[in-house]
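Reviewing the structure listed below.
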Amino acid sequence: MSQTTRLPETMAQRHLALRVMMMPKDTNVHGTIFGGVLLSHIDQAGVIGAAHALAQAGWPVPPLVTVAMNQVEFHHAVLVGDVVSFWTNVIRVGRTSITVRVSVETEREGKTLVVTQAQITYVAVDLESWPRRPVPIRPAGPPED
Ligand SMILES: CC(C)(COP(=O)(O)OP(=O)(O)OC[C@H]1O[C@@H](n2cnc3c(N)ncnc32)[C@H](O)[C@@H]1OP(=O)(O)O)[C@@H](O)C(=O)NCCC(=O)NCCS
C-alpha cells in the first residue's frame, strides 16, 4: 500500500542536495561526462535529499542504503566545466523505504537544462544486523484513522 497520502508537505519540496563542477577526470572516451560519474553523484544527492526531508519533517534519520535506481534517463550530454545541480524531492515513503526523484540540471545560455533524471529508493536499516535488516522509517506514534 502506498503511504504517500500522509506525508508532511515539506517532503515534496525541491531541495538542492548537491552542486558539482564537472572536471576533465570525469569524462568518458568521447570527451563528455561519464554516466557512471553522474550516477554516483545522483546516489549521493538522493540520500542527502532523503535525510534532509526526514529531518525537516522532524522524523528520525536512520542509516539508509540504496536498494534501487530506477527510471534513469540521460537527456543531454554533460560537458567539462558544467556546474551541475542535483535537485531532490521525495515521491514516496513506504514502511521501510523512501523514494526520491533526482533532477540533474545545468545552465546553458542562461536557461536551465535538465540533463538527467532518476528515481532512487533507499531502505532504512539496522546496522547491527547482518545481513542488514530493514527497519520502519516512520516515527512510532499512535495509529492514524
Ligand atoms: C536494502 C536491503 C537491506 C533490503 O533488504 P530486503 O530483504 O530486500 O528488504 P525487503 O524485501 O523487506 O524490502 C525493503 C523495502 O525495500 C523496497 N524494495 C526492495 N527492493 C526494491 C526495488 N528493487 N525497488 C524499489 N524498492 C525496493 C521494498 O518495497 C521495501 O519497501 P517498504 O518497506 O517501504 O514497502 C538489502 O537488499 C541490501 O542490503 N541491499 C544492499 C544495499 C547496498 O549495499 N546498497 C549499496 C550501497 S548503499
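The values are calculated or read from the model by the stated rules, or taken from the named source; none is laboratory data. Since the structure is predicted, the reported quantities are computational estimates derived from the model, not experimental observations. All Cβ positions, even for glycine, are placed from backbone atoms using ideal geometry, and neighbour counts span all protein chains on display.
At a glance:
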item	result
W130 within 16 Å of the ligand (Cβ to nearest atom), more than 19 Å from the chain's Cα centre (by Cα) and either crowded, with 16+ Cβ neighbours inside 10 Å or in a loop (DSSP other than H, G, I, E, B) (or both)	yes
Any pair with Cβ under 8 angstrom, 6 or more apart, that starts in segment 21-43 at a residue that is surrounded by fewer than 17 Cβ atoms within 10 Å (Cβ to Cβ) and ends at one that is assigned to a helix (DSSP H, G or I) and modelled with pLDDT of 95 or more	N28/G35; F34/D26
Lone qualifier among P139, P62 - being part of a loop (DSSP other than H, G, I, E, B), within 16 Å of the ligand (Cβ to nearest atom) and crowded, with 18+ Cβ neighbours inside 10 Å	P62
Any hit, segment 47-57, residues being touching a helix residue (DSSP H, G or I) at 6+ places or on another chain (Cβ under 9 Å) and free of Cβ contacts under 8 Å to residues at least 40 places away in the same chain	no
Answer from V80, V114, V84, V90 - the residue that is part of a strand (DSSP E or B), of a type in the set (V, I, T) and in contact with a helix residue (DSSP H, G or I) (Cβ under 7 Å, 6 or more places away or on another chain)	V90
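Results for (1) touching a Phe, Trp or Tyr at 6+ places or on another chain (Cβ under 9 Å); (2) among the β-branched types (V, I, T); (3) more than 13 Å from the ligand (Cβ to nearest atom); (4) on the phi < 0 side of the Ramachandran plot, shown as yes or no for each residue.
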site: V84; (1), (2), (3), (4): no, yes, yes, yes
site: G94; (1), (2), (3), (4): no, no, no, yes
site: E105; (1), (2), (3), (4): yes, no, yes, yes
site: V135; (1), (2), (3), (4): no, yes, no, yes
